[in-house]
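The values are calculated or read from the model by the stated rules, or taken from the named source; none is laboratory data. Quantities reported herein were computed from a predicted structural model and do not represent experimental measurements. Cβ placement follows ideal geometry from the backbone for every residue including glycine, while neighbour counts extend to all protein chains displayed.
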Amino acid sequence: MRLAYTLFYILILLVFTISCKKETKKTVCFPDTQTIRFIENKKAVVKITASAVEPVYLVEEGTIDTRLIPCNFPHEFYQDELTVTVNGEVKSTQQDQLAVCCAETFVISEISR
């Protein structure tokens, strides 16, 4: 019986240790793509779509039709019309016939409500 309690406490400690571990690895999106501009502390509005290709995009404050398509958008911010503040890098995006007009690839370095 004592062995069972000891194993139980070890299991609880292990689960707690694993669940509290912070992930320090950064998401790397488009590492070989040129950064064309940086966005710092800019307000943007989250837009949710029904598309599997582009499920979410951001519209920068002060722009009309520029879509920032984040490659690393945090799930907790998936709320249509949510105003957020973002920092990140806008990457060079090839515009072609199949691409959405005025869409730019965006790598988020920081996002907040």
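Report yes if Thr85 is at pLDDT 95 or above and out of contact with any Cys (no Cβ under 7 Å at 6 or more places or on another chain), otherwise no. So Thr85 fits the description; yes. Restricting attention to region 31-54, the residues that are touching a Ser or Thr at 6+ places or on another chain (Cβ under 6 Å) and in a loop (DSSP other than H, G, I, E, B) add up to 2. The criterion of being assigned to a loop (DSSP other than H, G, I, E, B) and at pLDDT below 90 does not hold for Asp80.
Anything in region 9-37 that is closer than 20 Å to Phe77 by Cβ and either at pLDDT 95 or above or more than 14 Å from the chain's Cα centre (by Cα) (or both)? List them, or say none. Answer for region 9-37, where residues must be closer than 20 Å to Phe77 by Cβ and either at pLDDT 95 or above or more than 14 Å from the chain's Cα centre (by Cα) (or both): Lys22, Glu23.
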